[in-house]
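*Asks:* I'd like to ask you about the structure that follows.
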Amino acid sequence: MTNVFGQIGNAIVFWVLPILGETNLFMAMSSAFLLVCCSIVSTTVYLVLVKYYDLHKGSENSASSGMKWSDIQKFPLAYWCLNIINCMSTCSTFVIMSLGPSYLITEGYTGSEAGMMIAIMNLLVVIAPFSGWAIDKTVHRCKIWIICCLAMSVGFFMMAFKIEDPVIWLMIIGLAFTVLNSSVNASVALVIQPETLGTAYGLIGFLFTSGLLFYPLVIGNLVESSSSWFSSHIVFASTNLISLIAAITLEVLDRKNSLFEGKFKSENYEIIRSDEEELKML
């Protein structure tokens, strides 16, 4: 739900504020200030709730807090595949959402229209709780991830070669990312020992945040140097091809060990670590 509210905020930034900026600059600045205040208030409430939780139940989970190198060395291949899917899909989607208005303007859309299209792309995240619930009820989550990664890669390739209206592909990419974002991170708890979840999620956050530090620089330089979006879309598509390979690898591991059956199974943890060597031999 935190992600849903965050994406709704992004939609407001991309759609409402540009429209207000064209008509009433003071109103746009006031709205932006209000959004900042809401963010500060919601963050404060969250921190208070976390502090309350730590005071009452933190001692029960103290063993799982902190990032430990010894834990990272024991993480199975399935965890790294989930990490790759999360990092690649998040970086490509967040960057295209940020640069999307500029891209759509080059494709003939007005500023307001471009902002509205990216806002709608953001608002697709409202289905995240439902898609996450649905994936939890199925045994085919890896197949769904494969389809989503493929859809994102194909979407970027289609935009690179200017096949059909780019808005169509942006909506497909937004929908596929919503499904991935609502289920991939949650699945980490099914392949990682409970006492090392803090380390696992901390590393996920570190890697995709680091990606967001460098990925926009690469895309921005490509657009500026080539004066077109072709190379950038190829990079986006290639990034999601890496995610596709990771998703296929997870499908292979899941068929062998039934990784994602709804709860962490300690007997699988040792088995899936050995699969890394087997996959190298194939």
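*Asks:* What are the ³J(HN,Hα) couplings of the range 86-91, residue after residue, when phi is run through the Karplus curve with 6.51, -1.76, 1.60 and θ = phi - 60°? Round to Hz, x for glycine and proline.
*Replies:* Calculated HN-Hα couplings, in order: 4, 5, 5, 5, 5, 4 Hz.
*Asks:* Quick one: grab Rg to one decimal and Dmax as a whole number for the range 139-220, Cα atoms only, in Å.
*Replies:* My reading of the Cα-based Rg and Dmax gives 15.6, 49 Å.
*Asks:* Ignoring ligands, DNA and RNA, what accessible area per residue does the range 62-204 give at 1.4 Å, in Å²?
*Replies:* Ligands and nucleic acids excluded, the result is 40 Å² per residue.
*Asks:* Next up: Obtain the nm distance between the two label points defined at I245 and F230 by a simple spin-label model: each point lies 7 Å from its Cα along the Cα-to-C-beta direction.
*Replies:* Rounded to a tenth, the inter-label distance reads 2.5 nm.
*Asks:* For the pair M171 and A186, how long in nm is the line joining their label points, each one 7 Å along Cα→Cβ?
*Replies:* Each label point lies 7 Å from its Cα, and together they span 2.5 nm.
*Asks:* Okay, moving on. Assuming R0 = 22 Å, can you tell me the calculated FRET efficiency for the pair T110 and E164, based on Cβ-Cβ distance, to the nearest 0.05?
*Replies:* 0.65
*Asks:* Let a ≥ b ≥ c be the square roots of the eigenvalues of the Cα gyration tensor of the range 114-177; is it rounded (a/c under 1.5), or, if not, prolate (a/b larger than b/c) or oblate?
*Replies:* oblate
*Asks:* Same structure again: For R255 and I72, what does the FRET efficiency come to when R0 = 22 Å and r is the distance between their Cβ atoms, rounded to the nearest 0.05?
*Replies:* FRET efficiency, R255 to I72: 0.25.
*Asks:* When the scattering of the range 149-268 is computed by the Debye formula from its Cα atoms alone, each counted once and equally, what is log10 I(q)/I(0) at q = 0.12, 0.16, 0.17 Å⁻¹?
*Replies:* Log10 of I(q)/I(0), two decimals: -0.57, -0.91, -0.98.
*Asks:* Next question. What's the long-distance tail for the range 173-218, i.e. % of Cα pairs beyond 18 Å?
*Replies:* Of all Cα-Cα pairs in the range 173-218, 44 percent lie more than 18 Å apart.
*Asks:* Summarise the accessible area of the range 97-248 (1.4 Å probe, protein heavy atoms) by the percent that is carbon and sulfur.
*Replies:* That fraction is 74 percent.
*Asks:* Report the calculated FRET efficiency for I120 and S210 (r = Cβ-Cβ distance, R0 = 30 Å), to the nearest 0.05.
*Replies:* Plugging the Cβ-Cβ distance into 1/(1 + (r/R0)^6) gives 0.55.
*Asks:* Residues with amide H under 5 Å of V191's amide H, sequence separation 5 or more or different chain, H placed in the peptide plane at 1.01 Å from N; which?
*Replies:* Close amide H contacts, sequence-distant or interchain: none at all.
The values are calculated or read from the model by the stated rules, or taken from the named source; none is laboratory data. All values reported here derive from a predicted model rather than from experimental measurement. As a convention, Cβ positions derive from the backbone with ideal geometry for all residues, glycine included, and neighbour counts pool all protein chains shown. Quick note on the areas: whole protein, heavy atoms, side chains included, nothing else; ligands and nucleic acids left out. Shrake-Rupley method; radii C 1.70, N 1.55, O 1.52, S 1.80 Å.
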